[in-house]
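Novice: My questions all concern the structure below.
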Amino acid sequence: MGWMLIIISIFVVWVASLCKIFSSHSKPTFLNDGPAFHRRNVLLVVAHPDDESMFFSPTISYLTSRGHNLYLLCLSVGNADGMGSIRKDELYLACAVHKVQLQRVKVLDHPDLQDGFGKVWNHDLLAKIIEEEVYSHGIDVLITFDSYGVSGHCNHGDVHYGVRKFLHDSSPRNIEAWELVSINILLKYSGPLDIWLSTLDSTRHPKGVMHCLLNEHPRKSFLAMAQHSSQWVWFRKLFVSFSSYTYVNTLRKIK
């Protein structure tokens, strides 16, 4: 009887969490500090095709729905299994679902930036590439992984440190940089339940340091991830269904 009550309670909270997502919208405070809307040029920097849909969907949805100019830089084609060209094409299909303009999507296949655990990426090289993109498109906001990189993948962490290297060495003074906050494994697989804790946690920090973005279109996230058909195996489907990153992103300002 006790287990039944626990299961019913979890189900009720799960449904309530989904209702909150579908019935409410993220308050437009992220990148909207002034009284008038100012369109920003935002560069999302990821390591592999499918990172954008698996981890950053709420952020992409927020930015595109509010009219910001979103650019995507993917630093590899994800060729660890020899499917780099396929995965590159899948990324463009997913970006079309996300309503990201394809001319603003760039995927690299650099010999020194190959996908794989144990493949160390040079932070100086990453900083140089990011610098070129920032100045080419007049970028004033950068978004990427934090140092753990959600899943602990070394390439994700290297992207973070590449962004930090750029910020330290040569970034314009007025540029903002934000990192996607990694969470513990229990919250990571709590699905929409995490929106309550993430929202509460963001309010505990000084204003403007953290933002909690709810995914207003979670169905679009599933459709975008489904475009990565080479990766759309059963455990990836479960991950997307139960991952809190499908429903909420917490962004923290990089100092």
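Novice: Residues of the range 116-130 being modelled with pLDDT of 95 or more, touching a helix residue (DSSP H, G or I) at 6+ places or on another chain (Cβ under 7 Å) and either part of a loop (DSSP other than H, G, I, E, B) or not aliphatic (A, V, I, L, M) (or both), which ones? Quick ask: steps written out before the conclusion?
Specialist: Looking only at the range 116-130, we keep the residues that are modelled with pLDDT of 95 or more, and these are 121-130.
If we keep only those that are touching a helix residue (DSSP H, G or I) at 6+ places or on another chain (Cβ under 7 Å) too, we end up with 121, 123-124, 126-127, 130.
Those that are modelled with pLDDT of 95 or more, touching a helix residue (DSSP H, G or I) at 6+ places or on another chain (Cβ under 7 Å) and either part of a loop (DSSP other than H, G, I, E, B) or not aliphatic (A, V, I, L, M) (or both): TRP121, HIS123, ASP124.
Novice: Out of SER190, SER171, I need the residue that is of a type in the set (S, T, N, Q), over 15 Å from THR59 (Cβ atoms) and in contact with a helix residue (DSSP H, G or I) (Cβ under 6 Å, 6 or more places away or on another chain). Which one?
Specialist: SER190
Novice: When you look at SER182, is it buried (at least 18 other Cβ atoms within 10 Å of the Cβ), closer than 30 Å to ASP89 by Cβ and touching a residue at least 12 places away in the same chain (Cβ under 8 Å), yes or no?
Specialist: Values: buried (at least 18 other Cβ atoms within 10 Å of the Cβ): yes; closer than 30 Å to ASP89 by Cβ: yes; touching a residue at least 12 places away in the same chain (Cβ under 8 Å): yes.
So SER182 fits the description; yes.
Novice: Please find, among LEU142, LEU113, the residue that is touching a helix residue (DSSP H, G or I) at 6+ places or on another chain (Cβ under 9 Å), in contact (Cβ under 8 Å) with a residue 12 or more places away in the chain, more than 20 Å from HIS68 (Cβ to Cβ) and surrounded by 15 or more Cβ atoms within 10 Å (Cβ to Cβ).
Specialist: Criteria check complete, one pass: LEU113.
Novice: Report, by residue number, each residue of the range 152-208 that is touching a Gly at 6+ places or on another chain (Cβ under 9 Å) and either of a type in the set (Val, Ile, Thr) or modelled with pLDDT under 95 (or both).
Specialist: Within the range 152-208, just VAL159 meets the criteria.
Novice: Right, here's the next one. Looking at the range 42-77, which of the residues that are open to solvent by 10 Å² or more (accessible area, probe 1.4 Å) and polar (S, T, N, Q) is nearest to the chain's Cα centre (by Cα)?
Specialist: Restricting to residues being open to solvent by 10 Å² or more (accessible area, probe 1.4 Å) and polar (S, T, N, Q), the top hit is SER61.
Novice: Further question: Of the conditions (1) acidic (Asp, Glu); (2) in contact with a Cys (Cβ under 9 Å, 6 or more places away or on another chain); (3) farther than 22 Å from TYR245 by Cα, GLU131 satisfies every one except a single condition; which number is it?
Specialist: (2)
The values are calculated or read from the model by the stated rules, or taken from the named source; none is laboratory data. Since the structure is predicted, the reported quantities are computational estimates derived from the model, not experimental observations. Reconstructed Cβ throughout: ideal geometry from the backbone, glycine too, with neighbour counts over all protein chains shown. Heads up: the accessible areas ignore ligands, DNA and RNA and are worked out on the full protein's heavy atoms, side chains in. Shrake-Rupley method; radii C 1.70, N 1.55, O 1.52, S 1.80 Å.
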